[in-house]
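Below you'll find the structure, written out as structure tokens, and then a few comments.
The values are calculated or read from the model by the stated rules, or taken from the named source; none is laboratory data. Predicted, not measured: the structure shown is a model, and the values here were computed from it. Virtual Cβ from ideal backbone geometry, glycine too; neighbours counted across all protein chains shown. Ligands, DNA and RNA are stripped out before the accessible areas are found, and what is left, the full protein with its side chains, is counted by its heavy atoms. Shrake-Rupley method; radii C 1.70, N 1.55, O 1.52, S 1.80 Å.
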Amino acid sequence: AQSVTQLGSHVSVSEGALVLLRCNYSSSVPPYLFWYVQYPNQGLQLLLKYTTGATLVKGINGFEAEFKKSETSFHLTKPSAHMSDAAEYFCAVSGPAAGNKLTFGGGTRVLVKP
Amino acid sequence: DTAVSQTPKYLVTQMGNDKSIKCEQNLGHDTMYWYKQDSKKFLKIMFSYNNKELIINETVPNRFSPKSPDKAHLNLHINSLELGDSAVYFCASSQGLLNQPQHFGDGTRLSIL
């Protein structure tokens, strides 16, 4: 079975500072990896995904993530935080080893301080 | 145009009642899902349908019964509601499985009194 661990349930950053959200996965085969964002009282919105090919993936709103197979990680970064980035962020994995299901991490809430 | 729409947005009801949540997608996708998000924001898949066929059926009480009348619709009926059913239920859709992103509705907040 596959699983996803997001380190840190809450992250606080200052406006303009680097945003770094950590995600580690366990899988016996190369997985498909996703980051989703959830704004208050809304559904999840895809930020970016990794399936195959280039390991550095660029997404919407200035976010990017790098797939590192040796570290089984898929950390999400944004160089400069905006107030509008305050939300809940979910890392997720799918693939044959996960029974073709999307398995989510526990989420990381991002707070942006002015 | 809303891609994945769920109704109702809020549902407040008493223990023991039966209720339904409806979901419709206008993206032309062939796969639809139901997720449950608990009070700690943990998301877990409940069911998935591909071309109207049930393909994922997680360990969910049989009080929960999904129905897919066509590829664009997936409904969730819940019998004999319990306090623990209080959560936000999300519908999602995708084209195929595995590496295709899922598009989520805005959720139905179910509160059991």
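Where strands (runs of 3 or more DSSP E) fall entirely within the range A:50-106, those with at least 2 residues that are more than 21 Å from B:LYS44 (Cα to Cα) and more than 13 Å from every other protein chain (Cβ to nearest Cβ) are at A:56-58, A:64-68, A:73-78. Could you go through the range B:80-94 and let me know if any residue there is open to solvent by less than 10 Å² (accessible area, probe 1.4 Å), outside any strand (DSSP E or B) and of a type in the set (Asp, Glu). Within the range B:80-94, one or more residues are open to solvent by less than 10 Å² (accessible area, probe 1.4 Å), outside any strand (DSSP E or B) and of a type in the set (Asp, Glu).
Can you name every residue in the range B:104-113 that is more than 8 Å from chain A (Cβ to nearest Cβ) and either within 13 Å of A:VAL37 (Cα to Cα) or not charged (D, E, K, R) (or both)?
B:THR108, B:LEU110, B:SER111, B:ILE112, B:LEU113
Those residues that are of a type in the set (Phe, Trp, Tyr) and open to solvent by less than 40 Å² (accessible area, probe 1.4 Å), I need them from the range B:8-51; list them, please.
B:TYR33, B:TRP34, B:TYR35, B:PHE47, B:TYR49
Looking at the range A:39-49 only, could you name the residues that are within 18 Å of A:VAL4 (Cβ to Cβ), in contact (Cβ under 8 Å) with a residue 40 or more places away in the chain and either facing chain B (nearest Cβ under 8 Å) or open to solvent by 20 Å² or more (accessible area, probe 1.4 Å) (or both)? Selection gives A:LEU44 alone. Note on the range B:12-59: enclosed strands (runs of 3 or more DSSP E) holding 2 or more residues that are in contact with a Lys or Arg (Cβ under 7 Å, 6 or more places away or on another chain) and not hydrophobic (A, V, I, L, M, F, W, C) are B:31-37. For the range B:1-20, filtering for residues that are at pLDDT 95 or above and more than 17 Å from the chain's Cα centre (by Cα) leaves 5.
State yes or no: is A:VAL57 in contact (Cβ under 8 Å) with a residue 40 or more places away in the chain, open to solvent by less than 60 Å² (accessible area, probe 1.4 Å), β-branched (Val, Ile, Thr) and out of contact with any helix residue (DSSP H, G or I) (no Cβ under 7 Å at 6 or more places or on another chain)? Considered against the rule, which asks whether it is in contact (Cβ under 8 Å) with a residue 40 or more places away in the chain, open to solvent by less than 60 Å² (accessible area, probe 1.4 Å), β-branched (Val, Ile, Thr) and out of contact with any helix residue (DSSP H, G or I) (no Cβ under 7 Å at 6 or more places or on another chain), A:VAL57 comes out as no.
Conditions tested, residue by residue: (1) within 25 Å of B:ILE56 (Cα to Cα); (2) without any contact (Cβ under 8 Å) to a residue 12 or more places away in the chain; (3) under 15 Å from the mean Cα position of the chain (by Cα).
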{"position": "A:SER14", "(1), (2), (3)": "no, no, no"}
{"position": "A:SER26", "(1), (2), (3)": "yes, no, yes"}
{"position": "A:PRO30", "(1), (2), (3)": "yes, no, no"}
{"position": "A:PHE67", "(1), (2), (3)": "no, no, yes"}
{"position": "A:LEU76", "(1), (2), (3)": "no, no, yes"}
{"position": "A:HIS82", "(1), (2), (3)": "no, no, no"}
{"position": "A:ASP85", "(1), (2), (3)": "no, no, yes"}
{"position": "A:VAL110", "(1), (2), (3)": "no, no, yes"}
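Every test in (1) within 21 Å of B:GLY96 (Cβ to Cβ); (2) over 14 Å from the mean Cα position of the chain (by Cα); (3) β-branched (Val, Ile, Thr) is passed by A:VAL57 save one, and that test is (2).
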